[in-house]
Amino acid sequence: MLPAPLRSDSGSVSLERVAASIAHAIRNPLGAAITSLDSLARRLDAMPAEGESLGRARAALDRIARCVDELVELAAPRAAAARPVALGAWARREAPLWRARAEREGRTISIDVDDALPAVVADPALLARACDRLLEDSLATSPLGSPIRVEAALEDGRLALAVSDRRPDAAPAPEAFTLSGRGLGLTSALARSAVSSFGAEIGWARRGAETRASISLALAEPAEAVA
């Protein structure tokens with residue numbers, strides 16, 4: 001039986017508390033490992049081969065840390081504050097962060113989100129969180145040097161914000177990229193959870209070698225003020 005602190009007032013298991021407890025147990029030793037690794041890397045700064053190996057180890061630890069954060073986020077999602085959003089202006093604000101994230105891994109991202117597109121109904125922070133997750137998935141699964149694109153267009157009376165990449169043949173088959181959850185990891189689950197809170201949907205599709213994750217957003221009413 002789980003200890004009392006992990007149970008809600010009604011006595012049932014609290015997923016939020018369980019996630020927070022697991023995160024706390026992992027973060028302490030993980031933080032110590034990262035600190036020790038960084039210290040060792042500074043001492044071996046003049047040894048390129050060892051430094052490269054340490055870099056890979058640090059990247060793996062960073063990924064574990066992100067997974068812990070994602071677990072807590074999934075267990076306790078933030079409530080949405082949806083409002084009309086001008087997608088072009090929103091994308092310009094987010095683009096420097098996306099590009100910086102890609103450059104850290106030696107990658108580039110092309111962004112094509114036109115200012116002339118109509119406003120959508122969204123929570124800007126949660127939409128950014130979802131796009132961050134989709135881009136992280138693209139960076140992790142597409143080969144180094146392959147293109148990653150962020151683009152937006154009107155599709156069937158809604159606005160589709162899409163992240164596309166080219167994955168190897170070993171990637172999941174097209175039917176795995178569905179909202180049923182088959183073939184999708186924690187990163188994709190978090191993206192789906194973030195946008196569903198304000199009525200958007202995510203769909204995945206394979207077109208030849210290209211994988212496309214598309215967030216389908218409702219259009220704002222013309223008279224509504226745009227954030």
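The values are calculated or read from the model by the stated rules, or taken from the named source; none is laboratory data. This structure is a prediction, so every number in the text was calculated from the model and none was measured. In this analysis, Cβ positions are derived from the backbone assuming ideal geometry, glycine residues included, and neighbour counts consider all displayed protein chains.
Given the criteria modelled with pLDDT of 85 or more, in a helix (DSSP H, G or I) and surrounded by fewer than 19 Cβ atoms within 10 Å (Cβ to Cβ), does ALA60 qualify? Talk me through it step by step, then tell me what you get.
On the way: modelled with pLDDT of 85 or more: no; in a helix (DSSP H, G or I): yes; surrounded by fewer than 19 Cβ atoms within 10 Å (Cβ to Cβ): yes.
Spelling it out, it is not the case that ALA60 is modelled with pLDDT of 85 or more, in a helix (DSSP H, G or I) and surrounded by fewer than 19 Cβ atoms within 10 Å (Cβ to Cβ).
Within 27 Å of ARG104 (Cα to Cα) and either in a helix (DSSP H, G or I) or at pLDDT 80 or above (or both), is that true of ALA171?
Numbers: within 27 Å of ARG104 (Cα to Cα): yes; either in a helix (DSSP H, G or I) or at pLDDT 80 or above (or both): no.
So ALA171 does not fit the description; no.
Per-residue answers, yes or no, for (1) at pLDDT 75 or above; (2) touching a Pro at 6+ places or on another chain (Cβ under 8 Å); (3) exposed (fewer than 14 other Cβ atoms within 10 Å of the Cβ):
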| site | (1), (2), (3) |
| --- | --- |
| PRO3 | no, no, yes |
| SER14 | no, no, no |
| ILE22 | no, no, no |
| MET47 | no, no, yes |
| GLY55 | no, no, yes |
| CYS67 | no, no, no |
| GLU70 | no, no, no |
| ALA80 | yes, no, no |
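Checking the structure you have, find out if any residue of region 31-40 is of a type in the set (Gly, Ala, Ser) and at pLDDT below 70. Quick ask: steps written out before the conclusion?
Initially, region 31-40 is screened for residues of a type in the set (Gly, Ala, Ser), giving 31-33, 36, 39.
This time we only want the ones that are at pLDDT below 70, so: none.
Within region 31-40 (the criterion being of a type in the set (Gly, Ala, Ser) and at pLDDT below 70), the answer is no, since none of the residues qualifies.
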